[in-house]
1. Run the reach check for LYS260 against lysines, Cα to Cα strictly under 28 Å, same-chain hits fewer than 8 apart removed. What comes back?
2. Tell me, THR132, THR376 in order of fewest to most beta-carbon neighbours within 10 Å?
3. What is the packing order of peptides 8-19, 342-353, 104-115, 42-53, taking the mean over residues of other C-beta atoms within 10 Å and listing the highest first?
4. So what is the orientation-averaged projected area of the stretch 220-386, using the convex hull of its C-alpha atoms, in nm²?
5. If Lys and Arg each add +1 and Asp and Glu each add -1, what is the summed charge of the other residues whose beta carbon sits under 10 Å from the beta carbon of PHE320?
6. Specify which residue in the list VAL300, GLN242, ALA271 is farthest towards the positive end of the charge dipole of the stretch 242-329, using unit charges on the beta carbon of Lys, Arg (+1) and Asp, Glu (-1), about the Cα centre.
7. Can you work out the FRET efficiency for the pair ILE270 and THR24, with r the C-beta to C-beta distance and R0 = 41 Å, to the nearest 0.05?
8. Based on C-alpha coordinates, I'd like the Rg and Dmax of the stretch 158-272, in Å.
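We did not get these values from a lab; they are worked out from the coordinates using the rules stated. If you're wondering where the values come from, they're calculated on a predicted model, not measured in any experiment. Every residue, glycine as well, gets a Cβ built from its backbone with ideal geometry; the counts of neighbours run over all protein chains shown.
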Amino acid sequence: MTSFQEFGLADPISRALVEENYLTPTPIQAQTIPLALNGRDIVGIAQTGTGKTAAFALPILHRLLGNRVRPQPKSCRVLVLSPTRELSGQILDSFNAYGRHVRLSSALAIGGVPMGRQVRAIMPGVEVLVATPGRLLDLVQGNALKLNQVEFFVLDEADRMLDMGFINDIRKVVAKLPKLRQTLLFSATMPKDIADLAEQMLRDPARVAVTPVSSTAERITQRVIQVDHAAKPTLLAQLLKQEKIDRALVFTRTKHGADKVVKNLAKAGIAANAIHGNKSQNHRERVLAAFRSGEIRTLVATDIAARGIDVDGISHVVNFDLPNVPETYVHRIGRTARAGAEGVAISLVAGGEEMGYLRDIERLIRVALPREDRRTPGQREAAPAAATPHRPGRPAPRPHAARPHESNSPAKGPRRHRRSGGNNGAPPSHRQEQHRAPHGGGRAEGLQGVAFLHRESRPHRQRNRNQQPS
Ligand code: AMP
């Protein structure tokens with residue numbers, strides 16, 4: 001498929017695509033759109049940056065227009081579930097951009113903002129509703145929304161939903177949907193739990209997949225600096241001053257840690273902002289917009305808050321703290337080197353616990369990362385690092401860079417997953433900030449969130465009549 005014309009999309013949609021300057025369908029679009037136009041359920045393996053949003057939004061819009069009926073009050077015809085507020089907002093923007101000539105009615109149901117406006121937006125019924133699972137269930141339980149009119153259901157970033165502990169919420173949502181519907185599921189990876197879920201909720205799905213053009217590891221210069229714990233803030237400030245940085249994303253493990261880093265950077269004369277679950281949605285949107293526009297060069301984030309961040313031109317990712325789940329490292333560094341660019345990922349590693357995390361990461365990515373030792377001599381003795389004994393039963397990382405084809409492969413051998421608490425019955429706000437290891441042997445393939453589309457901008461923002469001002 002070399003042009004969008006060949007799909008035979010409704011004229012108002014085609015016009016919007018011309019205006020968006022979409023000339024050629026991406027591989028995931030070329031595979032998905034014809035099948036979805038025929039009403040097939042689809043399981044798609046694709047990362048962000050592959051054009052997967054349009055791959056599901058365009059055929060759904062086309063089919064919606066083919067039978068333009070007024071949505072019933074407190075109902076939606078299209079339901080898209082996504083793991084984060086930011087991603088949900090971006091998906092809604094995409095629907096509104098592609099549907100700009102058809103006066104699409106749409107709404108967003110995300111946590112972190114008051115529910116009243118969302119309740120009012122849904123009240124007359126909307127054609128498209130994009131939601132995070134927790135808030136969606138709150139709306140359903142509060143009788144503000146019925147799911148029995150859903151004709152099209154999309155589950156986006158299913159593997160991240162699983163990582164974030166949303167699997168039970170998703171099952172609850174699916175149980176409320178009509179049996180007769182079209183379902184599209186997208187995921188960057190296909191751990192067993194997601195494959196099982198797909199098996200249960202899709203009807204004879206067509207399978208589509210795209211592989212990244214190159215792995216993240218090939219285009220990202222990764223470095224580890226061993227440092228005394230107390231020296232991390234000073235070192236970070238030094239790095240941010242020394243390195244040639246366009247945009248830097250600094251990761252911390254906790255919300256409190258993110259705020260502390262911002263304060264310390266301010267003392268060193270470096271302007272930075274934090275985003276995490278304690279910040280209001282308005283704050284997050286403002287900060288993200290400033291980061292996108294280049295007004296802010298340094299953003300400090302927790303993993304969960306960073307999940308929906310979709311910004312090109314991040315030249316540096318700095319792991320102020322190493323993540324305790326090795327897959328998270330791959331997600332983090334995949335924020336740089338997008339759209340074919342080069343990137344730098346620097347990890348500050350202090351103490352024995354973080355050395356353990358580093359070993360897990362190296363095992364997963366099958367690369368021994370170059371290390372620079374800036375610890376004070378006393379600390380070196382206290383925490384011997386590089387030469388730690390190899391644990392039996394676990395393959396040692398190879399002391400050279402992975403070959404390209406290998407960097408896509410899962411690490412062989414058993415992997416230990418650290419968990420830090422479940423979410424049983426936790427309210428949505430708690431669900432947002434927990435860190436969970438992937439379930440059931442989630443494998444590492446396809447974790448390299450590599451974008452191959454130029455992402456100078458998202459589809460143009462288009463406010464619709466139901467959207468709230470931000
Ligand atoms: P996604 O993977 O859906 O997050 O899309 C990545 C980026 O690519 C977004 O900024 C889209 O607007 C853009 N995009 C999607 N499809 C196309 C296309 N066929 N041509 C050009 N840009 C596209």
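1. LYS232, LYS241, LYS244, LYS279
2. On the way: THR132 27, THR376 12.
Going from least to most buried by this count: THR376, THR132.
3. Values: 8-19: 16.8, 342-353: 19.8, 104-115: 21.3, 42-53: 24.4.
Those peptides, ordered most packed to least, come out 42-53, 104-115, 342-353, 8-19.
4. Working: hull surface 36.6 nm².
Projected over every direction and averaged, the Cα hull of the stretch 220-386 covers 9.2 nm².
5. Details: positive: LYS232, ARG253, LYS260; negative: ASP321.
Here the charged neighbours net out to +2.
6. Of the candidates, ALA271 comes out farthest on the positive side.
7. Numbers: r = 41 Å, r/R0 = 1.01.
Once the sixth-power term is evaluated, E becomes 0.50.
8. In Å, with Rg to one decimal and Dmax whole: 21.5, 59.
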